[in-house]
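Below: the structure, in structure tokens.
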């Protein structure tokens, strides 16, 4: 049995258990001899736990009993008190988007090949899929979109000829409260005999309506369709001069009779920008497109918005779209796969970042929390053994967006490694600090995109500079950054007034976003008295030193094997790469600015 | 029949013709009714032509008669006088290296897929291979290395289990005077049961000796083996602490009994360089390695040296190795495939460059002329229809290294398009000037490597800057380039004294190599009074304008279809790309230097 954080469970879930309550009873019995279950069907996903003497009582809805059982197991294993009162997930949709291609590769996957696809077919070990279901259920994740939002053939056939196979997979995960979702291609009608996929053409709507009927007939609890349209060369409604609301609503009407959702990604921008064009500014794109359509999406459409206005960078301001779509169901999209955040080579615990983002957005504005997955066929599921913390915490945040990051990280550590108290402190603060460290040695002051194009890892401060992606820092001998205030591209104006004013004033703008919003000379005086260029140098020296310190600390921890060796090997690479990042970035800015380091440290010519 | 420059020949060569003399008679008869052939076996590849009234006489050796027939056809078709006296090729080895992989791809190929490999097997149209043989013979190319110097599996089996297939291909080309060569992997013994490929281990030598015997038994006229060893992660003798001479000579002894050659590539450098290391300088690598070994290579080893010390850049000085290996058989390696020279999108006729290089090297120092091929399965063989001029001219240069580039280009034009006289002038001068134009808009003053890594096309002035390839320009706010004089890396010292002095003095160094040899400030005064930065700007504006002018001129020419449309489409892309190169490069240097353009032209911020 491949390990998850639930090391306390020693037996695989028997294949004959086909209901959440059956699984709940089996799991709980592995941990405590006396657990009584009470099924309250109207409770749905909710549960409550009670302890009387040595006996426990779990009351819960159909899947609530299962969530209750896992909550009980977590609390017992971590030595923590039971949650008080009835527990209900804040978001009904808690989804993982898996970018798995049917050829077995995973787009931006760093944990091996797909867990369920290979050679353009379904190909999996059912035992491992059950283990996956257990892992997701144990942190409350209830929807799994199994195929890449970039729908490469033959994945279009997941909704027709491959449907019986999807059905089988759904059946394995159903007892764990996990429903499937499928990514579809907006132009699918055109692969099936129609000459258009215009959402206002009655034949198109009819095609989707019939299509949805067939799909839900096979899998009545399918969660819905995920759509990447008009984005990075994917087809969409704009081809026909239609709005995204028109496109999404047409699909929404087709799936509504079955309780299906349309999750519509808001990741739309001009990916063929001319770098000479300084008026077009990619961060403005999504708000410009969607804000005017607020209120025009059907009820069962969820607009899925990446957390920042760019694309999963280490540091971005919250996308202004979260504050500009009050009459639309919206989801925040996180990315567990460490695309721009270290490829699961570098340690990068995301919970502290999510805390910031959710606090800024306001949990009540969202209808769902979604994350791009970081799972693959590697023995440890997530490539880097510590990357599992992100999947774990994501589940907890989606259940309770008020989740405290340190508490969640500590809980994962206790369930997974259960280190001695002093080591736990070291390890938890290593993880808590890991994003800051990575940010320091990679991405100065919110600049973004200083990584190698295509692979999105490793220092390449000018790699994106003259490309088509709308991702520039425009560094020259005097200054760096883009003026995104009213006097520049006007991006700050997409925020509510107070935030707009904060971001627009370089004297007040948070340091870590200074170069996201402003173009500033190298000798700009920061609030702490340092020059901008000195701050860039300092961050890179400090970040690299912090990575070296992490590595030294990790060596002192009694992480069990094989995780210890695996983590040490990866962190050795992290440290080596951090040095490269430090030196390349400092040299790059030194060559432009000519400014010496105030502390005389080595900056290479 | 797919077209070559020999448009005057209307019939395919019948399959039953199996000797050069038979083919010669058939070909000549298509053009003139009265040609007599006299075979003089001792003449080998030589021939002489005579005209008496309307009758022609071709006297020649075994393949000489064939070369004579094609020379006759060329002269008649182009309306030129017959060459006088006995014609003998200057270099006995006139070879094309084809970087074809057995999966059907061609490394750095821009003309479609392999002509003879597909799906890890031989796969070809014999008729087309005969046409290829005719094309090569018509310009005197006599050796074809059919597989990539990077020997990917299953290409190692070309010398064992696939040998019968190689034999079949050899048989098709033999009547055209074309012998095959095979690229081998230095570690091949280790794929066949030995635990070493140490060239001084007797078992290794024995293995190769037996292996060669088997190979030549099947194909007695095989030209030899081509070896890329100790280069870009390929195995080689250095693994065992042996010299390249020891490695090459061991192989040379194995093939010597059969008259085989070992062609040993001198493309060896540290491809894992740390950019921080300013003492290691890639152009120094080959001379440092091979010069001390001069005189220690066996007679049947040919050291194959790329024309410049880097790697087929638009402008490099001649590799100093050509002037430093007087006691070694050496070949100059050209590259018809336009890897760094325009991907067969941009027009780039190479003959003028070869003239410069051969004049500098001195033809008598060389034993062979070799070129990486530019052929593929495209209907027109070379992707861009005008790229055929490079294959054509290469054959002529290898036969006669005193070849005049303009004469050769004009001859190709007459044989291929036979344009009206005024158009011929326009077209020939377009081709003659094409390298200069490409150089102007892409590569300032010999800097090299300002292209996108991996693909080697398109502007990316800092793309290689922090990579492992030893390819840096080290541009900063004050200066650009690398000091390769005694005070710098010392590369100039590898040249004979006079050249070393010329290159080492920035006041005397040829403009087009100025930044290859020197690091200079942007305000450096060029001999014509312009500043260095102004010259960079001017070249890019001028080069782009010249590309636009070429495009306008091409539209006026009556090139026959489908070449006209194909060439116009490609040149439209060339012009678009030239603008991108101009703007990116000028912006890059403007951002560093801050210098305005003296003529107030638009340089983007």
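A short reminder: the numbers here are calculations on the coordinates, not readings from a lab. Fair warning: this is a prediction, and the values are worked out from it, not measured in the lab. Positions of Cβ are generated from backbone atoms using ideal geometry, with glycine treated the same way; all protein chains shown enter the neighbour counts.
What to note about this one:
- Burial order of peptide ranges A:153-165, A:299-311 (average beta-carbon count within 10 Å, highest first): A:299-311, A:153-165
- Spatial separation of Cα centroids for the stretch A:277-339 and the stretch B:151-227, in angstrom: 60 Å
- At R0 = 51 Å, FRET efficiency that the Cβ-Cβ distance of residue B:365 and residue B:605 yields, to 0.05: 0.55
- Restricting attention to chain A, close to 25% of DSSP beta bridges with both partner residues there are antiparallel.
- Seen from every direction in turn and averaged, the convex hull around the alpha carbons of the stretch A:93-416 projects onto 15.9 nm².
- Global dimensions of the stretch A:481-605 from alpha-carbon coordinates: Rg and Dmax equal 18.8, 56 Å.
- Proxy reagent accessibility, fewest Cβ within 10 Å first, across A:284, A:98: A:284, A:98
- Residue-span extension gain [residue B:426 to residue B:545] - 0.36 nm each, minus C-alpha spacing: 41.2 nm
- Rounded to 5, the percent of DSSP beta bridges in the protein assembly as shown classed as antiparallel: 25 percent
- For chain A, the share of alpha carbon pairs falling in successive 10 Å distance bins from zero is 3, 16, 26, 27, 18, 8, 2, 0 percent.
- The protein assembly as shown: equivalent-ellipsoid semi-axes (sqrt of 5 x gyration tensor eigenvalues, Cα, Å): 62, 35, 31
- Diffusion constant of the stretch A:302-379 at 10 °C, which comes from Stokes-Einstein with the Kirkwood Cα-pair radius and 1.306 mPa s, µm²/s: 121 µm²/s
- Kirkwood's formula applied to the C-alpha pairs of the stretch B:232-380 gives a hydrodynamic radius of 16.7 angstrom.
- Ranked list, fewest to most other Cβ atoms within 10 Å of each Cβ, for B:37, B:516: B:37, B:516
- Each of the peptides B:343-355, B:84-96, B:362-374, A:38-50 was scored by the mean count of other Cβ atoms within 10 Å over its residues; in descending order, highest first, they stand as B:343-355, B:362-374, B:84-96, A:38-50.
- Least to most buried among A:553, B:333, B:507 (fewest other Cβ within 10 Å first): B:507, A:553, B:333
- Computed helical MRE - 222 nm, chain B, DSSP H runs ≥ 4 contributing -39500 (n - 2.57), nearest 500: -11000 deg cm²/dmol
- Computed from the C-beta positions of residue A:279 and residue B:276 and an R0 of 35 Å, the FRET efficiency is 0.35 to the nearest 0.05.
- Among A:247-258, B:3-14, the order from most to least packed when residues are scored by Cβ within 10 Å on average: A:247-258, B:3-14
- Along its principal axes, the stretch B:1-86 has C-alpha extents of 33, 29, 20 angstrom, given from the largest down.
- Averaged over A:460-471, number of beta-carbon atoms from partner chains that fall within 10 Å: 4
- Shielding value for B:105-112 is 0, the average number of Cβ atoms from other chains within 10 Å of each residue's Cβ.
- Take each residue in A:573-580, count the other chain C-beta atoms within 10 Å of its C-beta, and the mean is 1.
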